[in-house]
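Rule-based calculations on the coordinates, nothing more; no lab input. In this text the structure is predicted, and so the values were computed from the model without any measurement. Cβ atoms come from the backbone with ideal geometry, glycine included; neighbour counts cover every protein chain shown.
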Amino acid sequence: MTDQLHRLEPWMRGSFELIRHANGHLSEAGDTDRRLALIGFDNAIEVCIDVFIRLHPKLRDGFQISREEAERARQTFHSKIEFLDRYLAAASRPAPIPIEAIVWYHQLRNELYHSGNGMVPEIHAIEGSRDAAIQVFKALFGVDVSPMLEITSTRTAYPQASAFESTGNVEMEFLRVFIEFENALREFLRGYHDEQVESLRSVAELWRYYKQRDPTSEELDGLVKQAIETRNQIAHGQKVEIKPDSVISIVARLMELKASLEDRT
């Protein structure tokens with residue numbers, strides 16, 4: 001491990017050590033270890049972004065960040081995730097994992113602090129958080145650390161309904177279904193065999209592309225736009241009033257649309 005660590009640039013090693021330490025807890029898989037693993041991967045994501053922001057431009061492919069922007073970006077977890085989203089857009093890189101998925105895992109981590117009910121995160125949630133940390137590290141530093149962790153393959157483990165059932169958090173359930181809808185929409189659009197689809201970063205861009213080829217009702221268009229706006233507010237840490245009845249209505253329609261897209265794929 002020491003030899004492998006020396007392959008990383010000095011500024012990458014702290015973030016990697018957080019991922020490695022959390023992965024060790026995941027391997028143990030006890031209740032306390034699961035909690036520590038989820039917290040560790042979440043911390044690693046935040047540290048990766050913080051380190052990247054602090055780097056000299058020469059060490060981040062010349063990407064320029066003003067002092068004011070850096071100060072704003074480093075204020076909170078959500079501001080760092082918002083910066084990551086902007087950076088990937090500026091670099092014309094697709095997000096390696098949906099931003100809302102990263103936020104979902106962060107909210108699950110917060111549930112550990114605030115639930116007070118001894119909640120233990122499920123393995124699929126921790127593996128998803130690990131994949132998010134690995135993908136963020138790779139997106140910012142250009143290094144895939146999976147082999148160093150002896151992980152033979154990685155795939156994005158998206159949030160599942162069972163995790164929501166254990167927390168009862170309506171924002172988390174909304175994000176989970178939104179992620180499923182986004183994945184189904186992207187997969188459906190790939191059926192057009194248009195290279196442009198792979199360059200579309202956001203769900204808003206995907207939805208505009210979809211409407212150009214498959215006109216939809218104003219009511220459904222309005223619902224999807226409302227869902228996108230709600231997603232952005234949650235992902236960027238803005239205060240948003242989400243009423244359970246409203247979420248149930250939006251989630252139900254998104255699930256219907258997701259099923260329709262999958263049937264036509």
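Structure notes:
- Least to most buried among THR216, THR230 (fewest other Cβ within 10 Å first): THR216, THR230
- Per-residue ellipticity at 222 nm computed for the chain from its helices equals -22500 deg cm²/dmol, with DSSP H segments shorter than 4 residues left out and the rest contributing -39,500 (n - 2.57).
- Rg ratio (alpha-carbon, reference 2.2 N^0.38 Å) - the stretch 43-156: 1.12
- Derived value for the chain: Kirkwood hydrodynamic radius 19.5 Å. Basis is the mean of 1/r over every pair of different alpha-carbon atoms.
- Evaluated with a Cβ-only charge set (Lys, Arg +1; Asp, Glu -1), the chain carries a dipole of roughly 720 debye about its Cα centre, given to the nearest 20.
- Listed residues GLN233, ALA89, TYR210: farthest to the positive end of the dipole of the chain (Cβ charges): ALA89
- Per-residue Cβ neighbour counts within 10 Å put TYR192, TYR87 in the sequence TYR192, TYR87, beginning with the fewest.
- Where Rh is the Kirkwood radius over Cα pairs, Rg/Rh for the stretch 172-264: 0.96
- A DSSP coil position with no more than 16 other Cβ atoms inside 10 Å describes the following trypsin sites (Lys or Arg not before Pro) in the stretch 209-242: LYS239.
- Restriction of the GluC sites (Glu not before Pro) in the stretch 166-203 to DSSP coil positions whose beta-carbon has at most 12 other beta-carbons within 10 angstrom yields GLU195.
- Only helices reaching 18 angstrom along their own axis (Cα) with mean Kyte-Doolittle hydropathy no lower than -0.5 count here, and for the DSSP H runs of the chain these are 31-54, 77-90, 99-114, 123-141, 170-189, 244-264.
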